[in-house]
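The values are calculated or read from the model by the stated rules, or taken from the named source; none is laboratory data. All of these numbers come straight from a predicted model, not from anything done at the bench. Virtual Cβ from ideal backbone geometry, glycine too; neighbours counted across all protein chains shown.
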Amino acid sequence: MHQSVKEIQESYNPVSQTSELKVLAPVYEAEVLVLDELGAVKPTEWVRDTMMQIINTRYNNRRLTVFTTNYVDERKAISQETLEDRIGARLRSRLYEMCRTVIIDGEDYRRKFDTP
């Protein structure tokens, strides 16, 4: 099941027939959850709080969660943003506690399809 932040935000709409708990239940209960491209968009405070709620709930319930990101922890150039820059120190700290980092280094798969 694919859940989006937009669906969760819509649950706050008084016209919506969906509650936040109803939208988040599958996210909390999934045996395995993949949060792809973490940091791809700088989150608002609301998104950060919602992500923290999801991650804490899954952590406390010992649910497997896989995170992917293109952002590193160590800045290699002054202009380079780190994962912490993108998602905030609090959320990054929780990920340090609950994750094992696996670095995959290689060519960008999507560039193989670029036309000259």
Being free of Cβ contacts under 8 Å to residues at least 40 places away in the same chain, part of a helix (DSSP H, G or I) and surrounded by 10 or more Cβ atoms within 10 Å (Cβ to Cβ), is that true of even one residue in segment 87-95? yes
If you go through segment 96-116 one residue at a time, do you hit one that is at pLDDT 90 or above and among the small types (Gly, Ala, Ser)? no
Residue list for segment 39-70, restricted to those being touching a strand residue (DSSP E or B) at 6+ places or on another chain (Cβ under 6 Å) and either loosely packed, with under 15 Cβ neighbours inside 10 Å or in a loop (DSSP other than H, G, I, E, B) (or both): Leu64, Val66
Filtered residues of segment 96-116 (kept if in a helix (DSSP H, G or I) and without any contact (Cβ under 8 Å) to a residue 40 or more places away in the chain): Tyr96, Glu97, Tyr109, Arg110, Arg111, Lys112, Phe113
For segment 26-38, what are the residues that are more than 17 Å from Leu83 (Cβ to Cβ) and either surrounded by 15 or more Cβ atoms within 10 Å (Cβ to Cβ) or touching a helix residue (DSSP H, G or I) at 6+ places or on another chain (Cβ under 6 Å) (or both)? Val27, Tyr28, Ala30, Leu33
Inside segment 71-86, can you point out the residues that are in contact with a Ser or Thr (Cβ under 8 Å, 6 or more places away or on another chain) and either part of a strand (DSSP E or B) or hydroxyl-bearing (Ser, Thr, Tyr) (or both)? Tyr71, Val72
